[in-house]
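Before any comments, here is the structure.
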Amino acid sequence: MGMVKTKLRGFSVAELLLSLGFIAVAILTVLGLTATSLQAGREATDATTAALVAQTQLEKAIRTGKDDMVFWNVDHTAVPYAPGSGLVSVDGTTFEYEVFAETVKDTGGSDVGTTVEAQNRLKKVDIVVHWWDSDSQERQGYGKLEVRQTRLVAEGSHD
Amino acid sequence: MITTLLLTVVIVIFLGAMLALNPGRLAQAGSTSDQAQAELAAQAGLDYAKNRLQESVDWPLPGQRIVVNTPTLYIAENEGNVVGLMRQDTSQPYSMFRLRFNFHNGAASADPLDDGFDDPTNSAFEFPMEHVSINNLYGTAPRVVPKADSSFEVSDYVTGPYEIDQGSAVIAVEGLAGKGMANLTPANLATTVSGRNTASRTFEVVIKTALSDPATDAAVMGGADMTFNLPSSGGKEVEIKAKGGTARARSKGDITVNDGASPNYVSKGTVLYPDSTHTFTADTTVSTGTEGAADPYYTLDWADIHRADADPTKSVHIPGGTYVWWDNNELHYYDLDLTEYKALMSINPADPGIVLSDDLNEVRTAVNETSFPDGIKAQNGKFEVKEDVRVTTVDRSTLIPPLPPLADFNLIPRKGTKKSKFDNSASPNVGAEPAAKHGVDYEFKMSPKGGQASFTADGNVLISSKVDGDKGGSIIADGDLRLDAAKLEKYASVGISMYSSGDMEISTYHPENDSYGNIKVEGMFYSWGDLKVQAGESGSPGYADVDVKGAMVAYGSDTEPSTALPGTSGGNLEISGNKIKVEWDASKLGDLLDKARLAANTDLEIASFIKH
């Protein structure tokens, strides 16, 4: 009785290379996606933090400005209101914020709310928060790295 | 190959997860920012409302107007509804605030619920908000704060979740922000874009007026000595309270509480007096402090006070003189002051003077009567003031012999009047006329039609009758003010404020019964001189209670200029009664102020703040 010889055949070099190629592409894709994901996550975290920074710093600036005649008497549209501007670091990210303010005028050019009492003005107060070094430019893939918020503030307001 | 395929599957799963998670994270970040901006928008709307109310307590007025129109801020008002669009710069989307005073229930003229507005002329201003703002800053009674129904119409104004006091307003403001408002412009107020989210925050805030005065608040302020007289037996105590603040009594001189219970001064608060005599027994919750001579009191200048206008087309005008109720309920006018009237009665007690019709047309000009046909009524023993009434000074220089100008106003029964058992000096008790009716048989009533009415005299004022008021009424005397009010109470308190540039004296003595009536009043009592409130006296039976809500000030100096220190000329404050209760209430402090001066003299403060 003759023995049946089984012919074992290994992977060809081409197959091996193809598999390694697949694996390499896969690993690189996963790494790329992970990096992208981390960056997106960071961006999302920073955006959330920036919104909170904006809210907090805006309230701080308003609290300071309420009793500050410089805040009320000076226009802060070109040059930011100094006590409301600065830097703050949260979890390794540095956020730069600037507060702008202007007295609200009616359609006739008069300060809103001041027909009886001059010290009853209304200010439109804006805050711009930006982070990393983007300033006003956009970085590819991240969108514009800034948060802007706005509110009105009544002079002499007790809140 | 299998390994490769497995790896590919894993990669696809990773890829799917990444694609699913990243937008979620980014969306979450965007949502946080939108929520924050929506909250800021609501806050902006609140501050805008406060700014406008501080400027005018009547805000908002009917009509349509664009208030602000710049590339980054747009605010428009339409029949009581307000919308504001704001953004940091023109590259940004708008966020919005909106609030509604309009009930969306039809034309104002046919409006049974009386919001005072027609429906908005632009349907975009009919906001789908269930919370409604109510302005009761200048109201004379509490108001229900209604809620809109499912169609956002206020259909039931009788019941509501709560009421706000007069002197208060509720501002319900909604802030909106987010990608759902991408198409928002002043011409397109739609707040939703299909498939995109809009963040919304609503604030419901009650604000109230507070006198913007550097003075430390107090229920009673006396420029000189402060004296409370209680009965020697069976009496109770002096109670000083405060609604929403510290209960204080402030005196520049001695503080004395005579007789009464023990302790005879109770308060969860503070008594302030200089380092001088004080005589009272206080309960353990009372603390004491030092009152400095230069510490200010409430300063209400003559110019700050709401007075009837000198123009006869702007207020009812009646001449100064003595007005006398006869027993048949006819009102007779004499162009005489009280002394002259008594002298006349001693000579000719039957002199009828001028018999007046219900509208007093015999002593009013035709122009004035045409302008205010219903502003004043004297009928069936009731003298009713519905609009501002000015007592004008009578020029008597052409009389023979000439007499001095007559600015005083006296309203008395023919029988005369007494402010206490032992008072005979000022009791006309004129002639020998057999008049039977006393002051208690007549009534002086303030019934303001428009929320505020002032009875103003350029001289002394004496009123001897029951006194009633529906809140918003005030009696102003550029001289002494004396009220022989036989009755000065009702179930829900008499709403009236009083102001005198001389002394003020209020008594509820009832000569027929030889007793005193209770005093239950809500308002502000402000005298440049002394202030005396008498609901009892030693040697006379029948002490009655005194219950005042608001504040009582005996300034003790001319308040003009307003830098004059209190207590430099008088300012004694004396109150007599069985139980004396004075409750400080900030909402009453502005009752004397002129509407046009309210903004300069009051601040708006937040009383409660709810975030929905």
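We did not get these values from a lab; they are worked out from the coordinates using the rules stated. None of the values given here were measured: they were computed from a predicted structure. Neighbour counts run over all protein chains shown; Cβ positions are idealised from the backbone, glycine included.
List of remarks:
- Filter on B:Lys445/B:Lys532; B:Lys50/B:Lys382; B:Lys268/B:Lys382 - keep pairs with C-alpha separation over 31 Å: B:Lys50/B:Lys382; B:Lys268/B:Lys382
- Folded to 0 to 90 degrees: helix B:338-347 orientation relative to chain B principal axis, Cα: 30 degrees
- Each Lys and Arg contributes +1 and each Asp and Glu -1, all at the Cβ; summed about the Cα centre of segment B:363-475, the dipole is approximately 340 debye.
- When the square roots of the Cα gyration tensor eigenvalues are ordered a ≥ b ≥ c, the ratio a/c for segment B:479-551 is 1.5 or more and a/b does not exceed b/c, which makes its shape oblate.
- Charge-dipole axis of chain B as Lys and Arg at +1 and Asp and Glu at -1 on Cβ define it, positive-most pick from B:Asn518, B:Thr209, B:Asn105: B:Asn105
- Dipole magnitude for the protein assembly as shown: computed about the Cα centre from +1 point charges on Lys and Arg Cβ and -1 point charges on Asp and Glu Cβ, it is near 3320 debye.
- Residue among B:Thr32, B:Val145, B:Asn78 farthest towards the positive dipole end of chain B, charges placed on Cβ: B:Thr32
- The charge dipole of segment B:463-611, taken about its Cα centre with unit charges on the Cβ atoms of Lys, Arg (+1), Asp and Glu (-1) only, comes to about 520 debye.
- Using the Cβ of B:Glu130 as centre and a radius below 14 Å, the other residues enclosed give a net charge of -3, where K and R count +1 and D and E count -1.
- Among beta bridges from DSSP that stay inside chain B, the antiparallel ones total about 40%.
- When shorter helices are ignored and each DSSP H run of at least 4 residues is given -39500 (n - 2.57), the per-residue value for chain B at 222 nm works out to -4500 deg cm²/dmol.
- Chain B: relative contact order in percent, alpha carbon pairs under 8 Å with at least 6 residues between: 13 percent
- Placed amide H near B:Val494: partners under 5 Å, 5+ positions off or other chain: B:Lys520, B:Val521, B:Glu522
- Local electrostatic count at B:Leu356 - Lys and Arg +1, Asp and Glu -1, tallied over other residues with Cβ under 15 Å: -4
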